[in-house]
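Trainee: The structure is given below, and queries will be raised subsequently.
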Amino acid sequence: VCFATSGPGATNLVTGIATAYMDSVPIVAITCNVNVPLLGKDSFQEIDIAGITTPITKHNFIVKDVTKLADTIRRAFRIAQKGRPGPVLVDIPKDITAAKTEYEFCKAEPIARVTDTIREEDLAKALAMIKAAEKPYIFVGGGAVISGASAELKEFVHKVDAPVCDSLMGKGAFDGTNDLYTGMLGMHGNYGPNIKNKDCDLIIAIGMRFDDRVTGNPERFGINAKVIHFEIDPSEINKIIYADVPVVGDVKRTLPLLTALVHENDHSAWIDEFRACYDVECEKIINRVTRPSSGPLRMGEVVDRVTCATRGDAVLVTDVGQHQMMAARYFKFNRPRSIITSGGLGTMGFGLPAAIGAKLAVPEREVCLFVGDGGFQMNIQELATVFQ
């Protein structure tokens, strides 16, 4: 939840709201505005914040009647969290903040998971494709983290016995120390997931939107593979990569339904091909075997040392840039919700304030921030907040 005053206070939230929108983060932003009679008249510090944020929110409201304020706030929190999460803005004019009305308490209703879109025929088609596949490949995105489907994903992966890669936002959904984990996919990703992409005959995408940083040229992506796409947002189906079988719904519900149908497979030879790629990469980038005791450290080695020092259990926060990609590639996440980063929008300056928020949220966990000099300086005043 964040608050801002009218005019420039409200516009200062825009980049943060856009960052949340791109990464499906639930936020309720509450802004103030001029009195209702002054709206639309270019009053002092008046801005149409609802109009400005329409493309970067799931929904937004202008409350012009105090009797509707409580219900509007309730709706805002519900919309922000339901289905695919995202930001919602509530704009409250000054005279509405000063008005009075009778408040009636309403207990918050539980937010149901999206299951009404799940179809048995889609699951049956997906099962047939998994049975026929000789080189299946599982891609994990941020949706698996958001839905809390880490345990369900692990069971599914081991039954299919397929190599697993993830996107930047999908980090931690699958244990990075597991033998089936192969690294991050995409233009800044690990060697194996990218080089073997052309060899797989089945792609199982779980809670990911096939961002351009992952696919590159969509016409050459997974060129020899059929695609099963697990996704909660129907608008993401066939938007970039055609799905032979779309399974629409919350992956915490859809994955167990399919897992129950799948018989245990053995694709060990296919998985060994990825391990060979990763061994070559690590030898060149992080010297995990020799671990030199003198001389300069490379970026990948720094990240690897931090992983060892924190046993992979830290909350990793990054700003945006090369350090972000190196941290994502070589930090070994062993549980979900362990990376806080700006993925879709790539917002520099994100790191330091995000690290403060992470530490406030989980004070019992170690929080490690990787940041470059540019992003650090953009919000360097937050060192005063750290001190306070």
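The values are calculated or read from the model by the stated rules, or taken from the named source; none is laboratory data. Fair warning: this is a prediction, and the values are worked out from it, not measured in the lab. Please note: Cβ atoms are built from the backbone with ideal geometry, for glycine as well, and neighbour counts cover all protein chains shown. Protein only, heavy atoms only, side chains kept; ligands, DNA and RNA dropped before computing areas. Shrake-Rupley method; radii C 1.70, N 1.55, O 1.52, S 1.80 Å.
Trainee: Say we look at the stretch 322-342 and pick out the residues that are small (Gly, Ala, Ser) and over 17 Å from Phe174 (Cβ atoms); which of these is modelled with the lowest pLDDT?
Mentor: Start the filter on the stretch 322-342 by keeping residues that are small (Gly, Ala, Ser), which leaves 327-328, 338, 342.
In the following step, the residues that additionally are over 17 Å from Phe174 (Cβ atoms) were identified as 327, 342.
Working: Ala327: 93, Ser342: 97.
Checking each candidate, the answer is Ala327.
Trainee: Next up: With the structure loaded, tell me whether Thr19 is open to solvent by less than 40 Å² (accessible area, probe 1.4 Å) and closer than 30 Å to Gly143 by Cβ or whether it fails that test. Please lay out each step first, then the result.
Mentor: Values: open to solvent by less than 40 Å² (accessible area, probe 1.4 Å): yes; closer than 30 Å to Gly143 by Cβ: yes.
So Thr19 passes the test.
Trainee: Sticking with this one: Tally up the residues in the stretch 363-379 that are in contact (Cβ under 8 Å) with a residue 24 or more places away in the chain, outside any helix (DSSP H, G or I) and surrounded by fewer than 13 Cβ atoms within 10 Å (Cβ to Cβ), please.
Mentor: Looking only at that region, the number is 0.
Trainee: Looking at the stretch 46-58, is at least one residue touching a Phe, Trp or Tyr at 6+ places or on another chain (Cβ under 9 Å), surrounded by fewer than 21 Cβ atoms within 10 Å (Cβ to Cβ) and farther than 30 Å from Val145 by Cα?
Mentor: Looking for residues that are touching a Phe, Trp or Tyr at 6+ places or on another chain (Cβ under 9 Å), surrounded by fewer than 21 Cβ atoms within 10 Å (Cβ to Cβ) and farther than 30 Å from Val145 by Cα, one finds none in the stretch 46-58, hence no.
Trainee: Among the candidates Phe105, Phe77, Phe139, Phe156, single out the residue that is within 16 Å of the chain's Cα centre (by Cα) and among the aromatic types (Phe, Trp, Tyr).
Mentor: Numbers: Phe105 fails: within 16 Å of the chain's Cα centre (by Cα); Phe77 fails: within 16 Å of the chain's Cα centre (by Cα); Phe156 fails: within 16 Å of the chain's Cα centre (by Cα).
Unique residue meeting the criteria: Phe139.
Trainee: Here is a follow-up. Pairs needed: first member in the stretch 68-87, at negative phi and touching a residue at least 24 places away in the same chain (Cβ under 8 Å); second member anywhere, open to solvent by 80 Å² or more (accessible area, probe 1.4 Å) and aliphatic (A, V, I, L, M); C-beta distance under 9 Å; at least 6 residues apart or different chains.
Mentor: Matching pairs, first to second residue: Arg74/Ala108; Phe77/Val1; Phe77/Ala108; Arg78/Ala108.
Trainee: In the stretch 151-163, which residue that is more than 14 Å from Val251 (Cα to Cα) and in contact with a strand residue (DSSP E or B) (Cβ under 9 Å, 6 or more places away or on another chain) is surrounded by the most Cβ atoms within 10 Å (Cβ to Cβ)? Quick ask: steps written out before the conclusion?
Mentor: Residues of the stretch 151-163 more than 14 Å from Val251 (Cα to Cα): 158-163.
Remaining after also requiring in contact with a strand residue (DSSP E or B) (Cβ under 9 Å, 6 or more places away or on another chain): 160-163.
Numbers: Val160: 24, Asp161: 16, Ala162: 24, Pro163: 26.
The extreme case among them is Pro163.
For (1) free of Cβ contacts under 8 Å to residues at least 60 places away in the same chain; (2) under 19 Å from Ile130 (Cα atoms), each residue gets a yes or a no:
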| residue | (1), (2) |
| --- | --- |
| Tyr242 | yes, yes |
| Tyr278 | no, no |
| Met299 | yes, no |
| Thr307 | yes, no |
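Trainee: Any idea how many residues of the stretch 193-239 are of a type outside the set (A, V, I, L, M), touching a residue at least 60 places away in the same chain (Cβ under 8 Å), over 23 Å from Phe274 (Cβ atoms) and part of a loop (DSSP other than H, G, I, E, B)?
Mentor: Qualifying residue count for the region: 2.
Trainee: Return a yes/no flag: does the stretch 76-86 have any residue that is touching a His at 6+ places or on another chain (Cβ under 8 Å), assigned to a helix (DSSP H, G or I), open to solvent by 20 Å² or more (accessible area, probe 1.4 Å) and at pLDDT 95 or above.
Mentor: yes
Trainee: Testing Gly148 on (1) outside any loop (DSSP other than H, G, I, E, B); (2) surrounded by 13 or more Cβ atoms within 10 Å (Cβ to Cβ), one condition comes back false. Which one is that?
Mentor: (1)
Trainee: Looking at the stretch 33-45, which of its residues are touching a strand residue (DSSP E or B) at 6+ places or on another chain (Cβ under 6 Å) and surrounded by 19 or more Cβ atoms within 10 Å (Cβ to Cβ)?
Mentor: The one that is touching a strand residue (DSSP E or B) at 6+ places or on another chain (Cβ under 6 Å) and surrounded by 19 or more Cβ atoms within 10 Å (Cβ to Cβ): Asn33.
Trainee: Let me ask something else about it. Would you point out which residue out of Tyr103, Tyr137 is among the aromatic types (Phe, Trp, Tyr) and open to solvent by 40 Å² or more (accessible area, probe 1.4 Å)?
Mentor: Working: Tyr137 fails: open to solvent by 40 Å² or more (accessible area, probe 1.4 Å).
Of the residues listed, the single one that is among the aromatic types (Phe, Trp, Tyr) and open to solvent by 40 Å² or more (accessible area, probe 1.4 Å) is Tyr103.
Trainee: Out of all the residues in the stretch 110-132, is one or more of a type in the set (Val, Ile, Thr) and either free of Cβ contacts under 8 Å to residues at least 12 places away in the same chain or open to solvent by less than 10 Å² (accessible area, probe 1.4 Å) (or both)? Can you show your working first?
Mentor: Start the filter on the stretch 110-132 by keeping residues that are of a type in the set (Val, Ile, Thr), which leaves 111, 114-115, 117-118, 130.
Pick out the ones that are also either free of Cβ contacts under 8 Å to residues at least 12 places away in the same chain or open to solvent by less than 10 Å² (accessible area, probe 1.4 Å) (or both) and you get 130.
Taking every residue of the stretch 110-132 in turn, at least one turns out to be of a type in the set (Val, Ile, Thr) and either free of Cβ contacts under 8 Å to residues at least 12 places away in the same chain or open to solvent by less than 10 Å² (accessible area, probe 1.4 Å) (or both).
Trainee: Within the stretch 220-254, restricting attention to residues that are of a type in the set (Asp, Glu) and touching a strand residue (DSSP E or B) at 6+ places or on another chain (Cβ under 7 Å), which residue is surrounded by the most Cβ atoms within 10 Å (Cβ to Cβ)? Steps first, please.
Mentor: Keep residues of the stretch 220-254 that are of a type in the set (Asp, Glu), which gives 231, 233, 236, 244, 250.
Still in the running and touching a strand residue (DSSP E or B) at 6+ places or on another chain (Cβ under 7 Å): 231, 244.
Numbers: Glu231: 27, Asp244: 14.
If we take residues in the stretch 220-254 being of a type in the set (Asp, Glu) and touching a strand residue (DSSP E or B) at 6+ places or on another chain (Cβ under 7 Å), then Glu231 is surrounded by the most Cβ atoms within 10 Å (Cβ to Cβ).
Trainee: Quick one: is Ser43 over 14 Å from Val88 (Cβ atoms) and not in a helix (DSSP H, G or I)? Before you say what the answer is, go through the steps one by one.
Mentor: Numbers: over 14 Å from Val88 (Cβ atoms): yes; not in a helix (DSSP H, G or I): yes.
So Ser43 passes the test.
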